[in-house]
Each structure stands twice: as C-alpha cells, then as structure tokens.
1. How high is the relative contact order of the stretch 166-298, in percent, with contacts defined as C-alpha pairs under 8 Å that are six or more residues apart?
2. Given a 10 angstrom Cα cut-off, can you work out which residue in Tyr134, Tyr108, Tyr265 is the most mobile in a GNM of the chain?
3. Please identify the GluC sites (Glu not before Pro) of the stretch 218-254 that satisfy two criteria: DSSP loop assignment and at most 16 other Cβ atoms within 10 Å. Which are they?
4. Relative contact order for the chain: what is it in percent, counting Cα pairs under 8 Å that are at least 6 residues apart?
5. Under 5 Å between amide hydrogens, which residues at least 5 positions from Val126 or on another chain qualify, with H placed 1.01 Å from N in the peptide plane?
6. Per-residue ellipticity at 222 nm for the chain, helices alone: DSSP H runs ≥ 4 residues times -39500 (n - 2.57), over residue total, nearest 500 deg cm²/dmol?
7. Rounded if a/c is under 1.5, else prolate if a/b is larger than b/c, else oblate: which is the chain, with a ≥ b ≥ c the root eigenvalues of its Cα gyration tensor?
8. Cα centroids of the stretch 175-240 and the stretch 35-78: how far apart, whole angstrom?
Amino acid sequence: MEEFKYLIPEESIDAIMDNVATLRTIENDLRQVFVKNGYLEVLMPSFEYVDLYNDMDIGIEEEKMFQYINYEGKRVALRTDFTVPLARLYSSKKEQGEKRYCYFGKVYRKEKRHKGRSSEFFQAGVELLGKAGYEGDIECLQVIQETLSSLQLKDIKIEMSSAKFYHRLLKLVDDESFVDILKKRDLSAIKKLIEKKQIQSPLKDLLIQLPRCFGDIDILKTMIAIIQDEELKAALKELENLYNHLNNKDVFSFDLAMTPSMKYYTGIMIKGYSPYSAETIINGGRYDRLMNHFHKDVPAIGFSYDLSHILNALEKEGESHD
C-alpha cells in the first residue's frame, strides 16, 4: 500500500505545473470573446443523475460514466458533458427565446486504456439556444474565428460537415455496419457492403468516393454537382451557403465522411485540428432535437474547446521549434 502514496490513478491527468499560466491565459482570452458576444458564464454542478444522460437520442453510454449510488439510492455520475446539463438548465429555468451560455470546467468519461489517455478533460465552450438555422450557425462559426488566436496554436484547421447528410446516408444504406465502416474510412469494407446490399449507382459511386471526400470548397462543389439525392444535395448546399458568408475562409475545409461525436447532432458539425494533436481540439454542432428530451422544441448549437489537448499541442509545437 505504501507505493500508492506517490501514484495517481491512470484515469487522472497529472498535475499541471509549467502550463498553468498558459491555461489561465487561454481561459481568460476565451472568456473575453464569449462575454463580448453576449454569452453568460455558468458554473455547472460536477454531479448529475445518470438518468439525465440516459436516453438513446442523447447517445452518452453508461459505460463511459463514473457512477455511484447516493444516499437516496439513486444513480449519480460525474459530469460527462456540458451540453445536456445546460439544456436542462434552460428548461428548468423556463427560459424563452434566445439564451447564450458559456462554461469552463472538467468533464469525466471513461476511455479505452491507452498510454497517455486520461478520463478527465478541461473544457471551455458555448451553447446558443433558441437561434435556429443559418443565423445561429454563422454566429457560432464567427465566435470560433474570433477565438482562434486565443489558443496560441499555429495552423489550426476547422473541418465542417453535416449531420443531415450523415443521417440521410445511413437511411439510404440501411445497414448497421455502415457507421463503423465510415468511422474507419474502410474502402474495401464499403465495396463489400455495396456488393452485399446490391447498391446501385449513383449511391454506389458516392459511397466509393466518400472516404476521400475531404478538402477545400472545391470538393464540396464537386459533390453537390454529382449527387442526385435531393436531401443529400440540400445538406451540402447549406454548408456551401455558410462557407460563403464566413470571414477568413482559409482555416475552413470539409469532411463529408465525418461521423457525429454526439448522437444528438442534427445539422452542421464542427471539428478543429492542430498538426500537433492526435485528438480534436474543437468539437461542436447543431442539436435542434435535444430539447425534446425536456419536452421543449428549441433549436440549439454549441461547441467546446478541449483545453487539455490544446496544452499538449502547445508543448509539442514548442518542442518542434526548439
């Protein structure tokens, strides 16, 4: 037992020492941008009832939660994300119309055992509730653009895709294995699936191209021109319209094979990358049906920064320039 005095559980991140000042600077710079854009900072509780997340449409697996039984005999979990609790807050406060929240704190999720991978993450982010469609999407994308310099990283790239596009593809393919195949971008598995399901062109042609459908606006325009399914085409046209109204377009690209990081996404999906991080540093998307969980019909969009991954990327970027 003596050795455990000097160890921490493998799920924990190690103490942050050298980078504390950097972390606080990033947090403060992000906070200034959020507040300037009208986002109210909220300190959320660290514990939530498991039942809050326990819905097929939310898609947070119980196996990923750190749970215990409280004195009432009810199952409680450490906070696994901020979006669902903030949606609950909006509902419980009986808010109406547009509401802007921002947050800073940790989330806790059990991860597969892997060297260097922990189960606690520093996050910062915003949630915009009550602002539908294009206007809400543009607002969030513009906030992301404003904050990129705050992250202190070079060569950040933001990839966009569409959950509408993704869900329509799932419906057309109609095979449960397609999700995992798409996550792995496994072209040989796609070809086997096409043969198994006897999928014909033009869907066949789209599926074969899909693993390589990433890049600048040209790839989006090409796919809009050749896709015949009206729902797929409409989803991509929405992305094109958003792109056309963005400033600093150079940081944005597209990945049509992107799979949702959360099941509740319904529209635009956003992932941010640094060449010095194997993990995404920004995640987000539109989730217009999440509030149905609270018997409300409220459009919403949000995104988060993984500050743990950003700190690691900054350290590696610094090493590469030494």
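The values are calculated or read from the model by the stated rules, or taken from the named source; none is laboratory data. This is a predicted model, so every value here is computed, not measured. FYI the Cβ positions are ideal-geometry reconstructions off the backbone, even for glycines, and counts take in every protein chain you see. Ligands, DNA and RNA are stripped out before the accessible areas are found, and what is left, the full protein with its side chains, is counted by its heavy atoms. Shrake-Rupley method; radii C 1.70, N 1.55, O 1.52, S 1.80 Å.
1. 21 percent
2. Tyr134
3. In loop regions of the stretch 218-254 (DSSP not H, G, I, E or B), there are no sparsely surrounded GluC sites (Glu not before Pro).
4. 21 percent
5. Phe303
6. Mean residue ellipticity at 222 nm (helix-derived): -11500 deg cm²/dmol.
7. Note, shape of the chain comes out rounded.
8. Centre-to-centre distance over Cα atoms comes out at 35 Å.
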